[in-house]
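Scroll down for the structure; my scribbles are underneath it.
The values are calculated or read from the model by the stated rules, or taken from the named source; none is laboratory data. These numbers come from a predicted model, not from an experiment. Here the Cβ positions follow ideal geometry from the backbone for every residue, glycine too, while neighbour counts run over all protein chains shown.
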């Protein structure tokens, strides 16, 4: 069983503050790490697909880093806005498990005005 | 912009009844996924199709769940009979290849009474 852990489970952020949270995954047989944003009553939306150790990706005020050797990825939100309130999911793709994505439990972010 | 369609959005049923969910993936996407997401947890893959063929249904409770994608386009997931523990969000996703980002529909929220 592949274990993908996200921490914290939830966090409250003041509007304008920056924040970050973690996704931990097995470091062996790594293929890819996906990040999704899931707003209430909407479809989960892909943010990043990361495949290379040391990779950094950015989309607006959101960025992510990847360390495949130690098995973690950070997601950063700079200058949080109320529209950033969502659940952020990471999902790990392992070579040995075929093409299956194993999701973490998510980090629920609430940005307070 | 192309989207994954799902219906119904919400379904309330009594235990022992049959329920069915429908998904229409993005046109041209060969790979289709059904996930179940229980509150507080990440989505868990139930079944994956490549065109009309099932490539992974290892986590599908086959005594009560069935899925089909007869023409390799839209798909139906059925539960018969429904049990209280089936209450969850059922998400459908599609991708152009198994290694690419997945595009999710809005999900069907099932409540079994």
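Got at least one residue in the stretch B:5-27 being away from every other protein chain (no Cβ under 14 Å), surrounded by 15 or more Cβ atoms within 10 Å (Cβ to Cβ) and farther than 29 Å from residue A:90 by Cβ?
Yes, that holds for at least one residue.
Do we have residue B:61 as in a loop (DSSP other than H, G, I, E, B), out of contact with any strand residue (DSSP E or B) (no Cβ under 6 Å at 6 or more places or on another chain), touching a residue at least 60 places away in the same chain (Cβ under 8 Å) and surrounded by fewer than 17 Cβ atoms within 10 Å (Cβ to Cβ) here?
Values: in a loop (DSSP other than H, G, I, E, B): yes; out of contact with any strand residue (DSSP E or B) (no Cβ under 6 Å at 6 or more places or on another chain): yes; touching a residue at least 60 places away in the same chain (Cβ under 8 Å): no; surrounded by fewer than 17 Cβ atoms within 10 Å (Cβ to Cβ): yes.
Taking the combined requirement at face value, the residue does not satisfy it.
Suppose the filter is within 13 Å of another protein chain (Cβ to nearest Cβ), in contact with a strand residue (DSSP E or B) (Cβ under 9 Å, 6 or more places away or on another chain) and either over 24 Å from residue A:37 (Cα atoms) or at pLDDT 95 or above (or both); does residue B:84 pass it? Spell out how you get there, then give the answer.
Numbers: within 13 Å of another protein chain (Cβ to nearest Cβ): no; in contact with a strand residue (DSSP E or B) (Cβ under 9 Å, 6 or more places away or on another chain): yes; either over 24 Å from residue A:37 (Cα atoms) or at pLDDT 95 or above (or both): yes.
The answer is no for residue B:84.
Does residue B:36 count as within 25 Å of residue A:90 (Cα to Cα) and touching a helix residue (DSSP H, G or I) at 6+ places or on another chain (Cβ under 9 Å)?
On the way: within 25 Å of residue A:90 (Cα to Cα): yes; touching a helix residue (DSSP H, G or I) at 6+ places or on another chain (Cβ under 9 Å): yes.
Spelling it out, residue B:36 is indeed within 25 Å of residue A:90 (Cα to Cα) and touching a helix residue (DSSP H, G or I) at 6+ places or on another chain (Cβ under 9 Å).
For residues that are farther than 21 Å from residue B:90 by Cα and at the interface with chain B (Cβ under 10 Å from one of its Cβ atoms), scanning just the stretch A:11-45, find the one that is surrounded by the fewest Cβ atoms within 10 Å (Cβ to Cβ). Talk me through it step by step, then tell me what you get.
So the first thing to find is which residues in the stretch A:11-45 are farther than 21 Å from residue B:90 by Cα, and the list is A:11-33.
Then keep just the ones that are at the interface with chain B (Cβ under 10 Å from one of its Cβ atoms); that gives A:31-32.
Details: A:31: 15, A:32: 21.
Within the stretch A:11-45, the match that is surrounded by the fewest Cβ atoms within 10 Å (Cβ to Cβ) is A:31.
Matching residues to (1) within 14 Å of chain A (Cβ to nearest Cβ); (2) in contact with a strand residue (DSSP E or B) (Cβ under 6 Å, 6 or more places away or on another chain); (3) crowded, with 17+ Cβ neighbours inside 10 Å; (4) under 21 Å from residue B:9 (Cα atoms):
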| position | (1), (2), (3), (4) |
| --- | --- |
| B:90 | yes, yes, yes, yes |
| B:93 | yes, yes, yes, yes |
| B:96 | yes, no, no, no |
| B:104 | yes, yes, yes, yes |
| B:107 | yes, yes, yes, yes |
| B:111 | no, yes, no, yes |
